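Below is one structure, written out as structure tokens; the observations come after it.
The values are calculated or read from the model by the stated rules, or taken from the named source; none is laboratory data. In this text, all values refer to a predicted model and were calculated from it rather than measured experimentally. For neighbour counting, all protein chains shown are included, and Cβ atoms are generated from backbone atoms with ideal geometry for every residue, glycine included.
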Amino acid sequence: MVEEAKGTRPAEKVYSEPEIIAKLEKDLPHWRYENGWIRRKYKTHGWKSTLMVINTIGHLAEAAWHHPDLKASYAWVEVLLMNHAAKGVTDKDFDLAAKIESVVQWQPGQEAGSLEGTPQTDQRFAYIKYDN
């Protein structure tokens, strides 16, 4: 893949607050808009799970070449997305948020197939506090 020369890419659309709120309500209902960022807090069952979520988000962000800000504590990770280059929320933010959401909220045990997912009732193995 050939890199484009700096400044030759068309400017990305920066969404207005009402547009952002409408897109979140429609496509990412667990995300919210606050202080110029789209945000989502994932609750975990502890530090080990928190680190696994951070590493998952890190992998997705690096592969996408679009990097969120992260806040973390013992049992939660908060993802904050805003396109720094565009100085606002763009399609890159919505697309990465959707990818993060689909991977972090994936529950293999709820699908048909051989993957059973982590046992949520055994605290030694519980991972994410899923939304449903």
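Selection of first residues in the range 33-57 that are polar (S, T, N, Q) and of second residues that are part of a helix (DSSP H, G or I), restricted to Cβ pairs under 7 Å at least 6 apart or on distinct chains, gives the following pairs, ordered by first then second residue: THR44/THR50; THR44/VAL53; THR56/VAL103; THR56/VAL104. Applying a threshold of 7 Å to beta carbon distances and a minimum spacing of six or more residues, or different chains, the list of pairs starting in the range 109-132 at a residue that is over 15 Å from THR50 (Cβ atoms) and ending at one that is not β-branched (Val, Ile, Thr) and not in a loop (DSSP other than H, G, I, E, B) reads LEU115/PRO108; GLU116/PRO108; GLU116/GLY109; GLY117/PRO108; GLY117/GLY109. I need the full set of residues from the range 26-39 which are surrounded by 12 or more Cβ atoms within 10 Å (Cβ to Cβ) and on the phi < 0 side of the Ramachandran plot, in order please. Result: ASP27, LEU28, HIS30, TRP31, ARG32, TYR33, TRP37, ILE38, ARG39. Here SER102 fits the description: under 10 Å from the mean Cα position of the chain (by Cα) and surrounded by fewer than 11 Cβ atoms within 10 Å (Cβ to Cβ). Please verify whether SER114 is of a type in the set (Ser, Thr, Tyr), surrounded by fewer than 17 Cβ atoms within 10 Å (Cβ to Cβ) and under 20 Å from the mean Cα position of the chain (by Cα), treating the condition exactly as stated. No: the conditions fail for SER114.
Taking (1) in a helix (DSSP H, G or I); (2) surrounded by fewer than 18 Cβ atoms within 10 Å (Cβ to Cβ) in turn, ALA61 satisfies each apart from (2).
If you check PRO68 against the conditions, is it modelled with pLDDT of 95 or more and either β-branched (Val, Ile, Thr) or at negative phi (or both)?
So PRO68 passes the test.
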